[in-house]
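Report on one structure; see the data block that follows.
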Amino acid sequence: MRRRTLLAGALLGTAAAPALAAGTARAAAPGPSVTRTGSTTLDSRAVFFVSYDGLVNNNAFQKNGLLTYKGHQYAAWYTADRNAVVGRRVLGASSWQTVRVGHTLRYDDSHNVISMGVSKTDGRLHLNMDSHSDGFTYVKSVAGLLDDPTGLSWTASRFGAPQSTLDGLALTSRFTYPQFVATPEGRLQLSYRAGVSGNGRNALAEYDGGRWTALGEWTGSTGTYSSEHGSSTARNMYLHGIDYDRNGRLHSFFTWREQNGAVMCSGGGITNHDTGYVYSDDRGRTWRNDAGTVVGRTGGSDRVSVTDAGLVVDPLNPDHSLMNQESQFTDSAGRPHAIISYVPGRFGQCTTDYVADRTANGRAFHVRRTAAGGWRKTEIPVPLNSSQRTKLVLDRYDNAYAVFPYGRIAAASAASGHTDWKLLYDGAGLNAFGEVVIDETRVAQDGVLSVMYQEKSTGTTPSPLHVVDFRLPT
């Protein structure tokens, strides 16, 4: 096994505010703020069951369960009778138009989320849903539906029949975690995992406005990882996200999950370890570590592997219940930011029940590249009080917002180097179950943070599903 190398200076650098040229002056950019502006109900009786500690309508790894395009916002969810529904509204409107797309949820499994994407080349809405290491269901709208939302009615006839392939392209019989991402030139890519937890590979497919093409797998599951407790020879890379910045670079933070529990101090923990980072400058065909070294090629035999040097930006062994699939965002300069969470060492060096230990002692951390090119990490002083994930978004001034379970919002200013984290909204009155879904696309369009959440319930009793909006600095 090649030595896993921490990036030079990773997490040791200090952030500095950019200096103004001599003799110049400008108004200071505003710091972070959130002002609740309204709330709407998507469904008064959405499907509710707790699986893997989460809900199928509000899993933070959905990309996207909520999105904005050309003045309209779109949401997808499952109703009490398990029907897949897509809604739309004019931005700021209090009511949603809804349509069923012809598919019903198969299992009580919170992995089986609905993810949406927009292909700008032809104005279609795409949905991929209902998968966990098996087949998926795919639905797409007619061309132009999202380009002319006021002229084209929102009816079931605007959507094609559900498919088990991407217009005839079969990807894998072990499919999970669909995430749509739009390329800068308007194509649509689909990120997914082939395989199973602890033994899977990340892969990409691409839609050019006419057809889907399989680009192939880009991560490897083989190689030996060793901890102080034992070794593992199979794993999968869990992505914290996959996002293009304004310059066209594709970024992805990740953590590894080992198949063999022998790498942990306790069988009640979770085998996730290390936070890594890779990027691509050729639309996901070639992957590089932070130093610019090629570490993998999509569709080829050279894939990003746990044994590759220069991947790790924050080292952590498997004894701290590090969460997978948290979140990431890029700032106005194209610098990558991520939220990670785990149980810090001050609470002990061995978690024995990852749900209970994360709920009691878990903390979130903001990891980001600085203007100087190093990496910095700051603990957010808000207890998780949950085993679940936190979402990250940056406003137009690069202030950072962490949306915690239960809809709590903390923020840090760009002016401080993102070190002055504080709680801005405590989630009071939401009665949110846990993880939330945010509209990553809306913030840049009108400075509003939209959060989709579901109210707490018991057993399988349906509960209301809402979208709440917060005005950010403009």
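It is to be established whether one or more residues within the stretch 440-454 are out of contact with any Lys or Arg (no Cβ under 7 Å at 6 or more places or on another chain), open to solvent by less than 60 Å² (accessible area, probe 1.4 Å), of a type in the set (D, E) and part of a helix (DSSP H, G or I). Checked against the condition, which is being out of contact with any Lys or Arg (no Cβ under 7 Å at 6 or more places or on another chain), open to solvent by less than 60 Å² (accessible area, probe 1.4 Å), of a type in the set (D, E) and part of a helix (DSSP H, G or I), the stretch 440-454 yields at least one hit. Hey, among the residues in the stretch 320-355 that are touching a strand residue (DSSP E or B) at 6+ places or on another chain (Cβ under 7 Å) and among the acidic types (D, E), which one's farthest from I270 (Cα to Cα)? It comes out as D331. Are any of the residues in the stretch 158-167 under 28 Å from G248 (Cβ atoms) and touching a residue at least 40 places away in the same chain (Cβ under 8 Å)? Taking every residue of the stretch 158-167 in turn, at least one turns out to be under 28 Å from G248 (Cβ atoms) and touching a residue at least 40 places away in the same chain (Cβ under 8 Å). Based on this model, can you work out whether L66 counts as under 23 Å from the mean Cα position of the chain (by Cα), under 25 Å from R471 (Cβ atoms), open to solvent by less than 10 Å² (accessible area, probe 1.4 Å) and hydrophobic (A, V, I, L, M, F, W, C)? Yes; evaluated as a whole, the condition is true for this residue.
Within the stretch 104-138, the set of residues being more than 17 Å from the chain's Cα centre (by Cα), surrounded by fewer than 20 Cβ atoms within 10 Å (Cβ to Cβ) and not in a strand (DSSP E or B) comprises R106, Y107, D108, D109, K120, T121, S133, G135. Within the set L392, L384, L423, the sole residue that is closer than 26 Å to V467 by Cα and open to solvent by 40 Å² or more (accessible area, probe 1.4 Å) turns out to be L423.
Is it the case that L392 is closer than 21 Å to P32 by Cα and modelled with pLDDT of 95 or more?
Spelling it out, L392 is indeed closer than 21 Å to P32 by Cα and modelled with pLDDT of 95 or more.
Can you go through L384, L430 and tell me which one is in a loop (DSSP other than H, G, I, E, B), over 18 Å from G65 (Cβ atoms), among the hydrophobic types (A, V, I, L, M, F, W, C) and in contact (Cβ under 8 Å) with a residue 12 or more places away in the chain? Sole residue among the options that is in a loop (DSSP other than H, G, I, E, B), over 18 Å from G65 (Cβ atoms), among the hydrophobic types (A, V, I, L, M, F, W, C) and in contact (Cβ under 8 Å) with a residue 12 or more places away in the chain: L384. Within the stretch 265-288, being out of contact with any helix residue (DSSP H, G or I) (no Cβ under 8 Å at 6 or more places or on another chain), under 15 Å from M237 (Cα atoms) and open to solvent by less than 10 Å² (accessible area, probe 1.4 Å) holds for N272, D274, T275, G276, Y277, V278, W287. Quick check on my filter: what residues within the stretch 191-205 are in a strand (DSSP E or B) and either in contact with an Asp or Glu (Cβ under 7 Å, 6 or more places away or on another chain) or crowded, with 18+ Cβ neighbours inside 10 Å (or both)? Selection gives S191, Y192, R193, A194, G195, G200, R201, N202, A203, L204, A205.
The values are calculated or read from the model by the stated rules, or taken from the named source; none is laboratory data. This is a predicted model, so every value here is computed, not measured. As a convention, Cβ positions derive from the backbone with ideal geometry for all residues, glycine included, and neighbour counts pool all protein chains shown. The protein model used for the area step is the full one, side chains on, heavy atoms only, and it has no ligands, DNA or RNA in it. Shrake-Rupley method; radii C 1.70, N 1.55, O 1.52, S 1.80 Å.
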